[in-house]
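**Q** Below is one structure. I have some questions about it.
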Amino acid sequence: MSVEMEFPGAERLKMAEQLFVVLDGISEVRRARDEGADSSVIGFSRLYAYAVRPDDFGDEELTTALARDPALWSDFQRLLSRTSIAEGPQVAAAATGDIMSREGEGFRIDFRRSRAEPDQTYVILTLDDDYTARPEALLLLDSEQRICRKHVLPVPRDGVIQMLVERDSDLLAELLDIKTTIFLV
C-alpha cells in the first residue's frame with residue numbers, strides 16, 4: 001500500500017523553519033546547562049543547514065564537533081536519515097577485493113576504470129526511474145572515524161550522473177570504503 005503525500009506549501013515551510021529555530025534554541029539552552037557555558041556548542045539549525053544545503057560545506061568547528069561528540073554524531077545521522085533524498089548503507093563486510101558498485105534506496109553507483117586514462121575512474125550514479133527529486137550533493141559518513149564529507153554533484157542526464165575522478169581522489173577512496181554511508185541531498 002502506498003500513501004500519497006503532498007509537498008508542504010510556503011506557509012507550512014515557514015512554520016517548519018520557525019519550529020526548527022525554537023527547537024534549536026531549546027537544544028542550545030539544554031546543552032549549555034548540561035556542559036556549562038561552552039561557547040562551541042553546535043546548534044540544530046547549523047546541523048540542519050549542513051545536512052540539507054548542498055553548497056553549505058560547514059566549517060572546521062562543525063566537523064571537529066561531529067568527530068568529538070558521539071551524541072552530536074548520532075543526532076546528525078538521524079537528521080540525515082530523515083532529510084536526505086536517499087541513503088546507501090555500508091557495504092557488507094564479507095565483500096572481498098575492490099567493490100565495483102554500491103546500491104542504496106533508489107540509486108546505484110558503478111565504478112569503471114577509464115580505458116583512455118588509467119589514473120582515472122568513472123563514477124556513475126544511476127537514479128531509479130521513479131525519482132522526482134534531483135540530488136545536488138553526496139554526503140559521505142565514515143562511522144568508525146566519525147568523518148563527514150560533502151561533494152557537489154553535476155546535473156543528472158536522463159537519471160544518470162557521471163563523474164570522472166582521479167584514482168587517488170578522496171571522493172573515490174570514500175565511495176570505495178565499505179564503512180562509508182552515502183546520503184544524497
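The values are calculated or read from the model by the stated rules, or taken from the named source; none is laboratory data. Computed from a predicted structure; not experimentally measured. We place every Cβ from the backbone using ideal geometry, glycine too, and count neighbours over all the protein chains shown.
**Q** Please go through (1) under 13 Å from the mean Cα position of the chain (by Cα); (2) modelled with pLDDT of 90 or more for Asp142 and return the number of the only condition it doesn't satisfy.
**A** With respect to (1) under 13 Å from the mean Cα position of the chain (by Cα); (2) modelled with pLDDT of 90 or more, Asp142 is out only on (2).
**Q** Same structure, new question: Is it the case, given these coordinates, that Thr83 is at pLDDT 85 or above, of a type in the set (S, T, N, Q) and surrounded by 11 or more Cβ atoms within 10 Å (Cβ to Cβ)?
**A** Details: at pLDDT 85 or above: yes; of a type in the set (S, T, N, Q): yes; surrounded by 11 or more Cβ atoms within 10 Å (Cβ to Cβ): yes.
The answer is yes for Thr83.
**Q** Taking segment 138-177 as the region of interest, how many residues are assigned to a strand (DSSP E or B), of a type outside the set (Val, Ile, Thr) and crowded, with 16+ Cβ neighbours inside 10 Å?
**A** Step one: filter segment 138-177 for residues assigned to a strand (DSSP E or B), giving 138-142, 147-152, 157, 160-166.
When the remaining residues are screened for being of a type outside the set (Val, Ile, Thr), the result is 138-142, 148-151, 157, 162-164, 166.
Filter once more, keeping what is crowded, with 16+ Cβ neighbours inside 10 Å: 138-142, 148-151, 163.
So the count comes out to 10.
**Q** Could you check how many residues of segment 53-66 are part of a helix (DSSP H, G or I), surrounded by fewer than 15 Cβ atoms within 10 Å (Cβ to Cβ) and not polar (S, T, N, Q)? Can you show your working first?
**A** Of all residues in segment 53-66, those part of a helix (DSSP H, G or I) come to 60-66.
Filter once more, so that each one left must be surrounded by fewer than 15 Cβ atoms within 10 Å (Cβ to Cβ): 60-61, 64.
Next, from what is left, pick out any that are not polar (S, T, N, Q): 60-61.
Matching residues across segment 53-66 total 2.
**Q** What pairs come out if I take residues in segment 144-171 that are on the phi > 0 side of the Ramachandran plot and pair them with residues that are surrounded by 14 or more Cβ atoms within 10 Å (Cβ to Cβ) whose C-beta lies under 7 Å away, six or more apart or interchain?
**A** Note: pairs meeting the criteria are Arg146/Leu66; Arg146/Ala67; Arg146/Trp73; Gly159/Thr126; Gly159/Leu127; Gly159/Tyr131.
**Q** Next question, about the same structure. Being small (Gly, Ala, Ser) and under 12 Å from the mean Cα position of the chain (by Cα) narrows it down to one residue among Gly88, Gly104, Gly159; which is it?
**A** Working: Gly104 fails: under 12 Å from the mean Cα position of the chain (by Cα); Gly159 fails: under 12 Å from the mean Cα position of the chain (by Cα).
Gly88 is the lone residue from the list that is small (Gly, Ala, Ser) and under 12 Å from the mean Cα position of the chain (by Cα).
**Q** Okay, moving on. Looking only at residues that are part of a strand (DSSP E or B) and among the hydroxyl-bearing types (Ser, Thr, Tyr) in segment 105-137, which one is surrounded by the fewest Cβ atoms within 10 Å (Cβ to Cβ)?
**A** So the first thing to find is which residues in segment 105-137 are part of a strand (DSSP E or B), and the list is 107-113, 120-127, 137.
Within this subset, residues satisfying the condition of being among the hydroxyl-bearing types (Ser, Thr, Tyr) are 121-122, 126.
On the way: Thr121: 22, Tyr122: 14, Thr126: 19.
So, considering only residues that are part of a strand (DSSP E or B) and among the hydroxyl-bearing types (Ser, Thr, Tyr), the one surrounded by the fewest Cβ atoms within 10 Å (Cβ to Cβ) is Tyr122.
**Q** For Glu17, state whether it is modelled with pLDDT under 80, assigned to a helix (DSSP H, G or I) and closer than 21 Å to Glu136 by Cβ. It would help to see each step written out before you state the result.
**A** Details: modelled with pLDDT under 80: yes; assigned to a helix (DSSP H, G or I): yes; closer than 21 Å to Glu136 by Cβ: yes.
It is true that Glu17 is modelled with pLDDT under 80, assigned to a helix (DSSP H, G or I) and closer than 21 Å to Glu136 by Cβ.
**Q** Same structure, new question: Among the residues of segment 58-80, which ones are in contact (Cβ under 8 Å) with a residue 60 or more places away in the chain and either touching a helix residue (DSSP H, G or I) at 6+ places or on another chain (Cβ under 8 Å) or in the same structural domain as Glu105 (by TED's automatic domain parsing) (or both)?
**A** Passing the criteria: Gly58, Leu66, Ala67, Trp73, Phe76, Leu80.
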